[in-house]
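As structure tokens, the structure follows; a few thoughts come after it.
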Amino acid sequence: MKLPALKTAVKDLSEIDRREFFKAGGAVATVALSSGVTLMAFGGAASANADAGKRWGLLIDVNKCKSDCNACVTACSDENGWEDTGNPETDAQWIRKVDLTHKQTGREVSLPMMCQHCEQPPCVDVCPTGASFKRADGIVLVDKHACIGCRYCMMACPFKARSFVHEPVENQKSHAPRGNGTVESCTLCVHRVDKGGSPACVEACSETGHGAMMFGDLNDPASEISQALKQYSSIGLRDDLRLNPGVRYSNL
Amino acid sequence: MMDRTIYREIKLTPVVWLLAGVLGAFIAAAGLALLYVEHNGHIVTGMNNQIVWGLPHVFAIFLIVAASGALNVASIASVFGKIENKPMARFSGLLSLALLAGGLAVLVLDLGRPDRLLLAMTKNNFKSIFAWNIYLYSGFFAVVGAYLYVQMARGMAPKVIKQVGTAAFIWRLALTTGTGSIFGWLVARPGYDAAILAPMFIVMSFSFGLAFFLLAISAVYRLSGRYIGPNLIKRLGRLLGIFAGAVLYFTAVRHLTNLYAAEHADFERFILFSGGFFTQLFWIGQVLIGGVIPLFLLFHHTDGSNRKHVLTASVLIILGGMAQIYGIVIGGQAFPLEIFPAYTVNNGSFDGAIANYSASLPELALGLGGVALTLLIAGLGVVVLRILPLNLSDRNIDPSKPDF
């Protein structure tokens, strides 16, 4: 009679897992690495906590962003566990700073670039397995358990926002799973957002006193970001492609 | 009077065994390369976050495109009723299956997670042309497999062969449209984003596949001491010339269209003039070696050396084809994305800069392994199945149309 008993036990465990995980807000797929360590993988209906009424977005004021400041990049790296290994061509880069000079006027600007969380994301369109997906609240993610590492999303992304993990990774953060041979990008710190927080880059930018990044619900007319967008002109990058990015830039 | 066609297996001679051993060694090397890359990650390849598809994709796409074109001879026989091609139709079908298997093997084994292949087959996003291609490729195996079967089955009505042959012909057009669309539908990159890539890939398949077919069938016949009529080769050579010319035509239209659009001018300047290696690859590799010289060889030959000219042209077309696909795949990625058209980029993580790529040995080994797998499958086919006729005499050529 051992077998039925074992079956019941397994069933009970999966029930607990399911309940636990929906409570945690997110991932359908979970992997137990060792006792006490569980990786969430943003799987399937990871949108459990996503509110279809919201659309999370960023507004970046290029005038306030300083060329010599890298706080947003460092904060993202610390928060999500990707780092500089001395191979810039293959290192993951969830967020990067770009310095620009206007061709006609010579005006110099600096800005952070990351996943633009498009309303019509090309990475989601081209992904053969549906591993690239957009949550109901507009956050574009990669399900690390469904990504086969074909890199077609990297070919399709107009913003070079995605990185391929080129070598085995260690010491991952449990809230930001990574895997050799899969593709990753900015998650808009979904683990913080789902708990009512804001992305690490925005927080770090604010701490420097520059305040160049604003996070909020684009669908809520009363939100600070919606008010700012209403007041000042802004653009989405590659607006010609009509992807309607969730990240907008003012004074660019 | 037409010869009766008698199909027989190729005999296993020591030379055939030796060749099988060499091909096996290449496949083993590809296996080692795969294990090495899987163990260490793609860090040990030349690929990076700028050039995400490297040399394995060049090989894979070449083989997949050629797979569709290797079916030409069978299609011409069954669909367009050219009777002199009929004895070669079985080999045409076999070779196209072998090419597709070789190409897909390379494509799949270069995935970041090849162990998740089953997932790619069971979980599909049908908005992705990649997902469609999974069905186009596996469907090709089924349709061409059925076509091979009806050709080889005893007492099969010619009408059935024609119907299945027509289905295979339509399928291969769809397949190559799908392969071209992988690039054509990438709207964000200036090097792609062109509907003409789909029909251009079809024409490329006609040319590369026929060149591969001519070399393969000549090699097998030479190896087995069987006879091929010089006029058969000459006529297929003329057809190859038309296809090679058509590839040049589509290439010209593609670049002229891009030149007309101001937004693509920088990319065209890169490929056609200032791209260094990529510019050389285009003009010397694709246009001269893969186009102009083969055209000259195929249409301006002296009597008595036709076969040699056709085979030399076939080799050059394959080299030029590899150069062309390298230019499309790697060149298209090397040119930077235009995220800030009004600005110049001072510094960023490789933004605004031409990306570097140099292929590594494991990538080359994987690609060559795909070619070896193709040849081994085709070789195994002609050894165990009655694929090839004892001789391919010129007597099957329609006497009312002696010169195509």
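Quick notes on this structure:
- The number of residues in region B:31-46 that are in a helix (DSSP H, G or I), under 11 Å from B:L361 (Cα atoms) and polar (S, T, N, Q) comes to 0.
- The listed residue being more than 10 Å from chain B (Cβ to nearest Cβ) and in a strand (DSSP E or B), out of A:G57, A:G86: A:G57
- The criterion of at least 3 residues that are in contact with a Ser or Thr (Cβ under 8 Å, 6 or more places away or on another chain) and either at pLDDT 95 or above or closer than 26 Å to A:R96 by Cα (or both) is met by the following helices (runs of 4 or more DSSP H) wholly inside region B:254-351: B:306-326.
- Answer residue from region B:352-368, given it is closer than 30 Å to B:L35 by Cα and not in a helix (DSSP H, G or I) and is nearest to the chain's Cα centre (by Cα) among those: B:A359
- In region B:24-50, the residues that are within 13 Å of chain A (Cβ to nearest Cβ) and touching a residue at least 60 places away in the same chain (Cβ under 8 Å) reach residues that are in a helix (DSSP H, G or I) and among the aromatic types (F, W, Y) with C-beta atoms within less than 7 angstrom, at least six apart or across chains, in these pairs: B:V44/B:Y36.
- A:K173 vs. criteria modelled with pLDDT under 95 and either in contact with a His (Cβ under 7 Å, 6 or more places away or on another chain) or within 30 Å of B:R116 (Cα to Cα) (or both): yes
- Hey, A:V183 among the hydrophobic types (A, V, I, L, M, F, W, C), closer than 11 Å to A:K144 by Cβ and modelled with pLDDT of 95 or more or not: yes
- Of the residues A:P168, A:P128, the single one that is on the phi < 0 side of the Ramachandran plot, part of a loop (DSSP other than H, G, I, E, B) and without any contact (Cβ under 8 Å) to a residue 24 or more places away in the chain is A:P168.
- On inspection, B:L117 qualifies as out of contact with any Lys or Arg (no Cβ under 8 Å at 6 or more places or on another chain) and at pLDDT below 95.
- Note on region B:88-128: among residues that are polar (S, T, N, Q) and more than 14 Å from chain A (Cβ to nearest Cβ), the one that is surrounded by the fewest Cβ atoms within 10 Å (Cβ to Cβ) is B:S92.
- Tallying residues that are aliphatic (A, V, I, L, M), free of Cβ contacts under 8 Å to residues at least 40 places away in the same chain and over 15 Å from B:A372 (Cβ atoms) within region B:2-23 yields 0.
- Subset tally (residues that are farther than 20 Å from B:L186 by Cβ, at the interface with chain B (Cβ under 8 Å from one of its Cβ atoms) and assigned to a strand (DSSP E or B)) for region A:91-123: 9
- On the stretch given as region A:134-164, residues that are β-branched (V, I, T), in a loop (DSSP other than H, G, I, E, B) and more than 7 Å from chain B (Cβ to nearest Cβ) total 1.
- Options B:A252, B:A219; residue that is surrounded by fewer than 18 Cβ atoms within 10 Å (Cβ to Cβ) and either in contact with a Phe, Trp or Tyr (Cβ under 7 Å, 6 or more places away or on another chain) or closer than 30 Å to A:L241 by Cβ (or both): B:A252
Residue-by-condition table, conditions (1) in contact (Cβ under 8 Å) with a residue 12 or more places away in the chain; (2) in contact with a strand residue (DSSP E or B) (Cβ under 7 Å, 6 or more places away or on another chain); (3) surrounded by fewer than 21 Cβ atoms within 10 Å (Cβ to Cβ):
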{"residue": "A:P177", "(1), (2), (3)": "yes, yes, no"}
{"residue": "A:T187", "(1), (2), (3)": "yes, yes, no"}
{"residue": "A:N219", "(1), (2), (3)": "yes, no, yes"}
{"residue": "A:Y232", "(1), (2), (3)": "yes, yes, yes"}
{"residue": "A:G236", "(1), (2), (3)": "yes, yes, yes"}
{"residue": "A:D240", "(1), (2), (3)": "no, no, yes"}
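The values are calculated or read from the model by the stated rules, or taken from the named source; none is laboratory data. Keep in mind the model is a prediction, meaning the values are calculated, not measured. Quick reminder, even Gly has a Cβ in these numbers, built from the backbone with ideal geometry, and neighbours come from all protein chains shown.
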